[in-house]
Each structure stands twice: as structure tokens, then as C-alpha cells.
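Novice: Take a look at this one; I'll ask things after.
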Amino acid sequence: MTKKSKITKWIVFAGIMLIIQLIAEIVLICMTVKTKMLPQKYIILVIIGLIFVEFIVFSLIYVGQNRKKIKGTAFFRRIIGTVLSTVMIFCCVLGTYALNRGMGTLNRVTDSKKVEEDKVAVYVMDNDSAQTIDDAKKYKFAYTKSYGYEDTKKAIEDINEKIHDEIDKKSYASAVEMVEALYSGETKAMILNRSYESVITDVEGYEDFSSRTRIIYEYTRTYEVDNNSESEQKDNDIDVTEDAFIVYISGSDTRSKKLTKSRSDVNILAIVNPKNHQILLLNTPRDYYVEPSIAPGEKDKLTHCGLYGIDCSMDTLKNLYGLNEINYYGQINFTGLETLVDEIGGITINSDSAFQSTLYPQYKFVKGENDVKGEKALAFARERYALGDGDNARGRHQMEIIKAVIEKMTSSTALLTNYSGIMDSLEGMISTDFASDDISSLINKQLSDGGTWDIKTFATEGEGASKKTYSMPTQRAYVCVPDESSVQQANQLIKKVMNGETISDDDLKLTQKGD
């Protein structure tokens, strides 16, 4: 093969690489446009940059190849051009793949149809000899029809199938009565939806239920739900980049990589005004003694409303504050919070006191700024026993976490540079009825306009009491009876933000109890 033919083949090969590079760049640009996240001015800059690199590669490979003065460097120019082209192809393919994965995850998170699961367990005393359901087939089983009976029935059918027999069972009016029967030896096993375990430990005298018992069997039912089945009736014909809107932020009381129906330990309304870049975070205590939307005339803890679905929590808060609508919701569990904080590189939180976590004793917090990663952020959000005002302090901490996350994601490149990683890591641990286009529009606006958000916080208050609840009608539990004046003050603050007014620190001080 002559030297000329070798050069010709090389140039043909380099030309093919250039064409592949061009195609990869076009696909990347199309995918970027499809996400609707990057403002037009940035897309234009990206296109200009890619054209410039394409021109550089072309020049290195083809321009001046026949000039005698540079003939000796032609080989090295072609090598550099080809390597640069290969790097560009790799980067474009990687970028397209990351964007595609991120969009896929976002679409699944915002898809109205989601797969959820309920877990039903068989509990025995911790010192019981039974290790499997087969060991307990001769036991008497307690069950209740007061909560999740459809799942309980399916679990009983599954147990019967596994032991090839029919269990001896007895019905009780409430979960606490089942626990009493188990403790006394009247029954040796009890069947209960796992999400209700936390309700039992809320009752005085049963705080140690989880340590006194253990699970020998678990039945999981997966099913598809349409999160827009009720929300389709909402007036959500709003432009999230122009119109004020309300988001219910729910913190699910679960630690797994999949959301399950459970109590809502975080109940915060974010009232967002995109025009003046102001957000009001309104915390409602988890133990607020409210009228659940599914049981008019009854009273229950706000946290228990989560057991009956996200719509119950939203509608209960809507009624509490006299709102026409809560436009969206976002739900995340404990594991999701840890993951989110880690994925954005940690956050800086401000603590109004120094303390050591009682749930995670390895973590200490100083008064003022604290740089935290995932698990430490969770410890901060969950703490109440080490703080003088308990639940109120926990509510402030939870709002501080949300504030810090928003500030980190809007004031740095965390979201832009790790968008795919964040979305992938949160899949299954976060749920929302935001449309993917709305989320993309908000990101687009933030990247386009820039600037920080003015985030204000307010918490409603109440007095502690011991009362019976809708979820546990035969037993008394600690509740927080709402202070109606603080509820009305919160309502006025919400109206101000929704009407486009700007809330000042003086407004918040004037509305604080006792001022």
C-alpha cells in the first residue's frame, strides 16, 4: 500500500468520525431541547460551542494538508483532530444518555399511575419460639377489621395457602386490643398492616411494642394507583413560572427504597410566588388534633391522615386553613431525604441551639451553621427529645432542611451537573403529582433568571393534651390541640403570598403567638 493511499484511507476514516461527531452533537442538542430545562440563550451557546469544536476538528484533519511547509506536522494534526473528535463523540453520547435517563426517571416520578405497596405482618412476642409462619400454624391469630381489612384478608388467604391449613383466628375491635391479647397470652400471634405499627407505639404504655414483638411473616400487596384520580378535579390550570401555587410537602415515616402508605411525620405547605421569588414554608405539627377529611366530625392526629392516603392529608390541611386548593404535593421518605442531601453534595443548616442527637448519638450540632450530609441531616430533621420545645423545634428543623436544600439547588450547579444522578437515586423514594413539564419550566426559569429565593418560615402552635383519636378510638394518645389564632394568622400569610404580596420579617414577628 502506497503512502498516498494510506493517507487517503486515514482521511476517509477521519471524515466518518466527523460525521458521527456531527450526528452525536445533533442528538445531544435535540435531547437538551426536549428536556425544556435549558433556557434558549444557553442552548444557542451550546450550539455555537459544538460548531466551533466541529470546525477545529475539521481544520486539524483537512485544512493545509497539501502545503509543503506544514507537511511534516500533518500526521500529528490528523491524530489530534481524530482524538478530539473521539472525545467529543464520547461526551455527546454520555450527555445524551444521562439526559435520557434523567428524563425517564422524572417521567416515572411524575407519572399519575404509580405502583404502591401495602405490607401486612404477623407479630409474635420477642421470646416466642416460632421463627416461621409454619411454626405458628397451630397458634390463635388476632386480627381487626378496623383498618386495612382487605389487605388482612389477602394475607390470611396467603398464610392458609402456605401452611396448607386454615388458621385459628379471632377478631378484635382495635389494634390495641389485639396487642393486649398478645401480651396476655390470649392469642399467640397477631396480624396487622405494618403502617399501623407506628400508631400503636404512639399510644401511652405501648411505646415499646416494636422491641417486645418480632415479625415471623410478611405479606406484600402491590397495586397501581392513579394519583390524579382526585386531583383531576383540581383547578391546576396554572403557569408555575408566573402564578402563585401551593405544594404540600409530606415526609413519609418509612426507611426503604420504596414509598409505602404510612404516617406523614412532615406536614409542610410551601406557598410559592415565582414572580417575586418568595416562598413561605408553613409547618403544621404532626400531632395536630384535626378533623380528618375522610371522617367528618371525628378528630385524629394529622400524622395519622397519611395512613389513609396523600389526598386525606392534603384535604385535611386544606380544610384546616380554609384554602380553596392545594395545587400539588411532593412526598419523600427518610431514605430519600438522606439520598437527596448526599447527591447535592451536602447542605448548610442553621441550628438555634447546640445539642446531641438522641436518635443518632454520633452526631452533635453547634449553635449556628452546620455542614451536614445525608444521615446527619436526617438526625437534625427528626430530633425532638433533646430540645426544649420538642415538636415545635422539630418542625423548625424540618423547614430549615427544606430551606437549605432549595438554596443549594438554586444557588449552585448541583442540579445542573448531577441532574441524572439525583433523579436516578431518588426513584421509588419520592412521589409527586407535578407534571414533568412544570418541573422543567421551573428549572428553566431559575437558570434563565438566576437569583436567590427569599424563604420565610412560620409554624402554627397548640397545646398538648391526651385524647382519643379516630385511628385509635379506645385509647388516649398525646395530641396537640390547635391554637386557633395561629391557624388564622397562617391563613392570612398564605393569602398574602397567593395575592402577590411580599411578606417581611416584621409580618412574621407580628403573627407570632404572644406578640
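Novice: Tell me which of these GLU427 doesn't satisfy, since it passes every other one: (1) farther than 21 Å from ASN370 by Cα; (2) at pLDDT 80 or above; (3) of a type in the set (Asp, Glu).
Specialist: If we test GLU427 against (1) farther than 21 Å from ASN370 by Cα; (2) at pLDDT 80 or above; (3) of a type in the set (Asp, Glu), just (2) comes out false.
Novice: Looking at region 439-452, which of its residues are under 25 Å from LEU493 (Cβ atoms) and buried (at least 18 other Cβ atoms within 10 Å of the Cβ)?
Specialist: Our first condition is that a residue be under 25 Å from LEU493 (Cβ atoms); within region 439-452, this holds for 442, 445-446, 449, 451-452.
Across region 439-452, the qualifying residue is only GLN446.
Novice: Would you confirm whether or not region 500-507 contains a residue that is under 17 Å from ILE406 (Cβ atoms), acidic (Asp, Glu) and touching a residue at least 40 places away in the same chain (Cβ under 8 Å)? Working first, answer last.
Specialist: Going through region 500-507, the residues under 17 Å from ILE406 (Cβ atoms) turn out to be 503.
Pick out the ones that are also acidic (Asp, Glu) and you get none.
Checked against the condition, which is being under 17 Å from ILE406 (Cβ atoms), acidic (Asp, Glu) and touching a residue at least 40 places away in the same chain (Cβ under 8 Å), region 500-507 yields no hits at all.
Novice: Can you name the residue in region 206-234 that is loosely packed, with under 12 Cβ neighbours inside 10 Å, at pLDDT below 85 and not in a helix (DSSP H, G or I) and is also farthest from the chain's Cα centre (by Cα) among such residues?
Specialist: If we take residues in region 206-234 being loosely packed, with under 12 Cβ neighbours inside 10 Å, at pLDDT below 85 and not in a helix (DSSP H, G or I), then GLN233 is farthest from the chain's Cα centre (by Cα).
Novice: Next up: Just the residues that are of a type in the set (D, E, K, R) and at pLDDT below 90, please, taken from region 339-351. Spell out the reasoning first.
Specialist: Keep residues of region 339-351 that are of a type in the set (D, E, K, R), which gives 342-343.
GLU343 - this is the single residue of region 339-351 that is of a type in the set (D, E, K, R) and at pLDDT below 90.
Novice: Of the residues SER440, SER448, only one is over 30 Å from VAL290 (Cα atoms) and within 21 Å of the chain's Cα centre (by Cα); which? First the steps, then the outcome.
Specialist: Details: SER448 fails: within 21 Å of the chain's Cα centre (by Cα).
SER440 is the lone residue from the list that is over 30 Å from VAL290 (Cα atoms) and within 21 Å of the chain's Cα centre (by Cα).
Novice: Looking at region 133-148, which of its residues are in a loop (DSSP other than H, G, I, E, B), hydroxyl-bearing (Ser, Thr, Tyr) and modelled with pLDDT of 95 or more? Don't jump to the end; show me each part of the working.
Specialist: If we filter region 133-148 for residues that are in a loop (DSSP other than H, G, I, E, B), which is where we start, we get 133, 137-139, 145-148.
Going one step further and asking which of them are hydroxyl-bearing (Ser, Thr, Tyr), we end up with 139, 146-147.
TYR139 - this is the single residue of region 133-148 that is in a loop (DSSP other than H, G, I, E, B), hydroxyl-bearing (Ser, Thr, Tyr) and modelled with pLDDT of 95 or more.
Novice: Under 6 Å by Cβ, and 6 or more places apart or on different chains, what pairs join a residue from region 1-22 that is farther than 10 Å from THR82 by Cα with one that is at pLDDT 80 or above and surrounded by 10 or more Cβ atoms within 10 Å (Cβ to Cβ)?
Specialist: So the pair list comes out as ILE20/ILE89; GLN21/SER85; GLN21/MET88; GLN21/ILE89.
Novice: Quick check, is TYR217 of a type in the set (Phe, Trp, Tyr), closer than 24 Å to THR469 by Cα, touching a helix residue (DSSP H, G or I) at 6+ places or on another chain (Cβ under 8 Å) and assigned by TED's automatic domain parsing to the domain that holds ASP128? Quick ask: steps written out before the conclusion?
Specialist: Values: of a type in the set (Phe, Trp, Tyr): yes; closer than 24 Å to THR469 by Cα: no; touching a helix residue (DSSP H, G or I) at 6+ places or on another chain (Cβ under 8 Å): yes; assigned by TED's automatic domain parsing to the domain that holds ASP128: yes.
For TYR217, the condition - of a type in the set (Phe, Trp, Tyr), closer than 24 Å to THR469 by Cα, touching a helix residue (DSSP H, G or I) at 6+ places or on another chain (Cβ under 8 Å) and assigned by TED's automatic domain parsing to the domain that holds ASP128 - is not met.
Each row is one residue, and each column tells you yes or no for (1) touching a residue at least 40 places away in the same chain (Cβ under 8 Å); (2) of a type outside the set (Ser, Thr, Tyr); (3) touching a Ser or Thr at 6+ places or on another chain (Cβ under 8 Å).
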site: TYR419; (1), (2), (3): yes, no, no
site: LEU426; (1), (2), (3): yes, yes, yes
site: MET429; (1), (2), (3): yes, yes, yes
site: SER440; (1), (2), (3): yes, no, yes
site: GLY450; (1), (2), (3): no, yes, no
site: PHE458; (1), (2), (3): yes, yes, yes
site: GLU461; (1), (2), (3): yes, yes, yes
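Novice: For region 320-375, name all the residues that are acidic (Asp, Glu) and in a helix (DSSP H, G or I).
Specialist: Our first condition is that a residue be acidic (Asp, Glu); within region 320-375, this holds for 325, 338, 342-343, 352, 369, 371, 375.
Result: GLU338, ASP342, GLU343, GLU375.
Novice: Just one of LYS467, LYS509 is at pLDDT 90 or above and of a type outside the set (A, V, I, L, M, F, W, C); which is it?
Specialist: Values: LYS509 fails: at pLDDT 90 or above.
None of the other options fit; the residue is LYS467.
Novice: Does at least one position in region 118-129 carry a residue that is in contact (Cβ under 8 Å) with a residue 24 or more places away in the chain and within 30 Å of MET423 (Cβ to Cβ)? Give the derivation first.
Specialist: So the first thing to find is which residues in region 118-129 are in contact (Cβ under 8 Å) with a residue 24 or more places away in the chain, and the list is 118-126, 128.
Still in the running and within 30 Å of MET423 (Cβ to Cβ): 118-119.
Yes.
Here's the yes/no breakdown for (1) under 16 Å from TYR217 (Cα atoms); (2) surrounded by 15 or more Cβ atoms within 10 Å (Cβ to Cβ); (3) in the same structural domain as MET423 (by TED's automatic domain parsing):
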{"site": "TYR123", "(1), (2), (3)": "yes, yes, no"}
{"site": "THR144", "(1), (2), (3)": "no, yes, no"}
{"site": "GLU150", "(1), (2), (3)": "no, no, no"}
{"site": "LYS153", "(1), (2), (3)": "yes, no, no"}
{"site": "ASP158", "(1), (2), (3)": "yes, yes, no"}
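Novice: For region 422-435: of the residues being of a type outside the set (A, V, I, L, M) and surrounded by 18 or more Cβ atoms within 10 Å (Cβ to Cβ), which is farthest from ASP237 (Cα to Cα)?
Specialist: Looking only at region 422-435, we keep the residues that are of a type outside the set (A, V, I, L, M), and these are 424-425, 427-428, 431-434.
Next, from what is left, pick out any that are surrounded by 18 or more Cβ atoms within 10 Å (Cβ to Cβ): 425, 428, 431-434.
Working: SER425: 30, GLY428: 27, SER431: 20, THR432: 17, ASP433: 13, PHE434: 12 Å.
Per the stated criteria, the residue is SER425.
Novice: Looking only at region 274-319, which residues are under 12 Å from SER250 (Cβ atoms) and either of a type in the set (Val, Ile, Thr) or touching a His at 6+ places or on another chain (Cβ under 7 Å) (or both)?
Specialist: Answer for region 274-319, where residues must be under 12 Å from SER250 (Cβ atoms) and either of a type in the set (Val, Ile, Thr) or touching a His at 6+ places or on another chain (Cβ under 7 Å) (or both): THR284, THR303, ILE310, THR316.
Novice: Here's a follow-up. Please verify whether region 493-501 includes one or more residues that are closer than 26 Å to GLU325 by Cβ, of a type outside the set (S, T, N, Q) and modelled with pLDDT under 85. It would help to see each step written out before you state the result.
Specialist: Of all residues in region 493-501, those closer than 26 Å to GLU325 by Cβ come to 493-501.
Among the residues that remain, those that are also of a type outside the set (S, T, N, Q) are: 493-498, 500-501.
Add one more test, that the residue is modelled with pLDDT under 85, and what stays is none.
Among the residues of region 493-501, not one is closer than 26 Å to GLU325 by Cβ, of a type outside the set (S, T, N, Q) and modelled with pLDDT under 85, which makes the answer no.
The values are calculated or read from the model by the stated rules, or taken from the named source; none is laboratory data. These numbers come from a predicted model, not from an experiment. Reconstructed Cβ throughout: ideal geometry from the backbone, glycine too, with neighbour counts over all protein chains shown.
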